[in-house]
Amino acid sequence: MKVKLNKIMTKGKAFYLAYDQGMEHGPVEFNDKNVDPRYIIEIAQKGKFNAMIFQKGIAEKYNKEIKKSKVPLIIKLNGKTSLSQTEPLSKQICSVKEALKLGAVAVGYTIYIGSDYENIMLKEFDTIEKEAHARGIPVIAWIYPRGKGVKGKSPVELMAYAARVGLEIGADIVKLKREGDLHDLHWTVQCAGKTKVVVAGGIKEEEGAFLRDIRDVMRAGAMGVAVGRNIWKAKNPFELSKRAREIVFNKYS
Ligand code: FBP
């Protein structure tokens with residue numbers, strides 16, 4: 001079945017709001033505003049994001065607000081906390097079927113390449129991808145090089161490797177962490193071939209630097225960004241979303 005990417009992009013570009021950090025990092029990321037998923041849904045709606053990304057719990061408990069917002073939903077199917085001290089492993093905690101029932105139009109899954117457990121994640125991803133593609137649902141692979149296997153390796157080469165793995169495993173979109181300069185990003189996008197690239201935002205930085213990073217990402221040929229903390233930790237996330245969105249869709253050349 002043809003994969004329906006059009007529901008989560010506009011003219012081939014994408015602007016996603018990520019909010020799975022409560023699981024990955026814990027409430028240490030939040031203040032009394034952004035701890036409330038309803039605030040995030042409001043940002044996603046007013047900021048005209050192409051989609052917002054939640055774990056299944058928020059997708060279920062705030063389903064009414066999500067539906068009302070009309071912002072497309074992407075559900076992360078695996079996750080882990082920051083407390084585990086083993087080699088990185090993020091196991092599946094939500095099925096494709098559950099995600100669809102909750103209204104997801106795409107699903108995401110994190111793979112830590114370089115971990116002792118990468119084979120487990122690659123296998124789980126494959127099963128998810130087959131099921132999602134059979135229903136025309138796009139699959140986004142968060143590919144983060146981590147664990148024993150990446151020690152001492154160049155971060156820039158690992159970023160390109162992650163992009164290539166995204167293509168090799170058939171992900172529709174690969175989500176990466178940014179390393180290096182514009183040239184490195186451009187090479188990374190080339191390595192991903194027909195798999196589209198979105199780049200994460202990372203820890204909260206000064207707004208000008210954040211917007212410059214987005215411009216680089218778009219100049220390098222990426223499809224867009226999937227950002228979280230830099231937006232919902234901002235003093236005025238609505239204004240910042242507007243400026244970031246303009247860059248993704250128009251002002252990057
Ligand atoms: P940010 O834009 O806030 O960096 O979010 C991107 C993201 O991929 C989230 O989806 C995820 O929760 C987080 O980064 C994981 O970061 P890490 O694995 O580095 O702790």
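The values are calculated or read from the model by the stated rules, or taken from the named source; none is laboratory data. Since we're looking at a predicted model, the values are computed, not measured. Quick reminder, even Gly has a Cβ in these numbers, built from the backbone with ideal geometry, and neighbours come from all protein chains shown.
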Which one of these is in a loop (DSSP other than H, G, I, E, B), touching a residue at least 40 places away in the same chain (Cβ under 8 Å) and either closer than 26 Å to Tyr161 by Cβ or in contact with a Gly (Cβ under 8 Å, 6 or more places away or on another chain) (or both): Ser82, Ser115? Ser82
Answer yes or no as to whether Lys97 is more than 16 Å from the ligand (Cβ to nearest atom) and more than 17 Å from the chain's Cα centre (by Cα). yes
Filter the range 167-187 down to the residues that are of a type outside the set (A, V, I, L, M) and closer than 12 Å to Pro145 by Cβ and list them by number. Lys177, Glu179
Here the residues within the range 194-223 that are exposed (fewer than 15 other Cβ atoms within 10 Å of the Cβ) and aliphatic (A, V, I, L, M) are Ile203, Ala209
Wholly inside the range 1-70, helices (runs of 4 or more DSSP H) that include 3 or more residues that are at pLDDT 95 or above, surrounded by 15 or more Cβ atoms within 10 Å (Cβ to Cβ) and polar (S, T, N, Q) are none
Filter the range 29-53 down to residues that are touching a residue at least 12 places away in the same chain (Cβ under 8 Å), acidic (Asp, Glu) and away from the ligand (no atom under 15 Å from the Cβ), then give me how many there are. 1
Residues that are of a type in the set (Gly, Ala, Ser), crowded, with 23+ Cβ neighbours inside 10 Å and touching a helix residue (DSSP H, G or I) at 6+ places or on another chain (Cβ under 9 Å): does the range 166-178 have at least one? yes
For the range 100-112, how many residues are more than 16 Å from the ligand (Cβ to nearest atom), in contact with a helix residue (DSSP H, G or I) (Cβ under 6 Å, 6 or more places away or on another chain) and not in a loop (DSSP other than H, G, I, E, B)? 1
If the Cβ limit is 8 Å and pairs must be 6+ apart or interchain, which residue in the range 145-158 that is more than 19 Å from Ala192 (Cα to Cα) pairs with which residue that is in a helix (DSSP H, G or I)? Gly147/Glu118; Gly149/Glu118; Val150/Leu158
